[in-house]
1. Select, from ILE15, ILE5, the only residue that is in contact with a helix residue (DSSP H, G or I) (Cβ under 6 Å, 6 or more places away or on another chain) and in contact (Cβ under 8 Å) with a residue 24 or more places away in the chain.
2. Got at least one residue in the range 137-148 being of a type outside the set (Lys, Arg) and away from ligand 1 (no atom under 13 Å from the Cβ)?
3. For the subset of the range 142-166 comprising residues that are within 16 Å of ligand 2 (Cβ to nearest atom) and more than 26 Å from ALA120 (Cα to Cα), which member is surrounded by the most Cβ atoms within 10 Å (Cβ to Cβ)?
4. In the range 167-200, what residues are more than 16 Å from ligand 2 (Cβ to nearest atom) and of a type outside the set (A, V, I, L, M)?
5. For residues that are under 15 Å from ARG192 (Cα atoms) and modelled with pLDDT of 85 or more, scanning just the range 19-36, find the one that is surrounded by the most Cβ atoms within 10 Å (Cβ to Cβ).
6. As an exercise: evaluate HIS207 against (1) within 15 Å of ligand 2 (Cβ to nearest atom); (2) in a helix (DSSP H, G or I); (3) under 16 Å from the mean Cα position of the chain (by Cα); (4) of a type outside the set (Val, Ile, Thr) and give the number of the one condition it does not meet.
7. Has the range 108-115 got any residue that is away from ligand 1 (no atom under 16 Å from the Cβ), surrounded by fewer than 21 Cβ atoms within 10 Å (Cβ to Cβ) and in the same structural domain as PRO215 (by TED's automatic domain parsing)?
Amino acid sequence: MNENIEKIIERFNHIHPTPMALNRLSQLLVSEDATLKDVEDVIKVDPLLVARILGVVNSAYYSPLQKIDSLGRAVAYLGMRNLHILVITDTLKALSSLGGKRPNELRLRIWRHSAAVSIAAKMIAERVFGVNGDNAYLAGILHDFGQIVEEQLEHDTFAAIVTQANTPEELVALEQRRFGLDHCQIGAELCRQWMISPAVTAAILGHHQMEAVAPDSFDGILRLAEYLTGRDNDQGGRPHVSLNADLLAHVEGNRDEYAVLMDDFPAEMQKADELYGARAA
Ligand SMILES: [Fe+2]
Ligand SMILES: [Fe+2]
């Protein structure tokens, strides 16, 4: 591992230790004989986390048929993988320190962007490609988290390079010049620590490279989600990312499907509002 990344994550963990529950949950997820009871035992020692899980599992995003009023039922309802995803989202939200009277605008903007990309990625996976969207969602919520890490550790430098960069590719080049690493590498390292699938990790690492990717790969879905959600109002409605020719041809070829998807997008975002905490649309 690049020593710089190790150091920056160590500095970040020093300010914001990863919650014990997430570390233990990540380990359980890869151990073959872990049971839902083990998962419940890990989570129940943190009553605030239990309360947040019960809040989210009863929200419009999951919309269970009956109210879920105990951790045991929530764990059974969600299953281990969904619970891992929920705890990762909860952790990222906490690590972003979005609360307070005067929220940090830059950080809030990155978080909202990540929330939008995660919902769009899940929708693309499920609707366009007919596959489970959980990993696409994870790729979306984590892909730019490295920017939040940089912003918290080196606010002034990071804010300056964000202003200076005209495109995401320029931002990555400036991050490399100033920090010797970029947000894609930080995000990928967090994925490795949290035992997230290698395919998602690779998609995050490569999300600003322009080489050809299959539209239905995680790399493809992540870039499509960034493209569709990324009309940045601060930049006069310019797309946040540019797409390579293959992905553009795919969007053109499925124009109607993507138009319907984007029509439905605001309602899906609204459903997920409770999951993300900060107004995410
Ligand atoms: Fe990015
Ligand atoms: Fe992004």
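The values are calculated or read from the model by the stated rules, or taken from the named source; none is laboratory data. Just so we're clear, the structure is a prediction, and the values are computed from it rather than from any experiment. With ideal geometry, Cβ positions are generated from the backbone for all residues, glycine too; neighbour counts draw on all protein chains shown.
1. Exactly one residue qualifies, and that residue is ILE5.
2. Checked against the condition, which is being of a type outside the set (Lys, Arg) and away from ligand 1 (no atom under 13 Å from the Cβ), the range 137-148 yields at least one hit.
3. PHE158
4. Passing the criteria: GLN176, ARG177, ARG178, PHE179, GLY180, GLU189, ARG192, GLN193, TRP194, SER197, PRO198.
5. LEU25
6. (2)
7. For the range 108-115, residues away from ligand 1 (no atom under 16 Å from the Cβ), surrounded by fewer than 21 Cβ atoms within 10 Å (Cβ to Cβ) and in the same structural domain as PRO215 (by TED's automatic domain parsing): present.
Every residue, every condition in (1) within 29 Å of LEU36 (Cα to Cα); (2) in contact with a Pro (Cβ under 9 Å, 6 or more places away or on another chain); (3) touching a residue at least 60 places away in the same chain (Cβ under 8 Å), yes or no:
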| site | (1), (2), (3) |
| --- | --- |
| SER59 | yes, no, yes |
| SER70 | yes, no, no |
| VAL75 | yes, no, no |
| ILE88 | yes, no, yes |
| ARG107 | no, no, no |
| VAL117 | no, no, yes |
| ALA120 | no, no, yes |
| LEU138 | yes, no, yes |
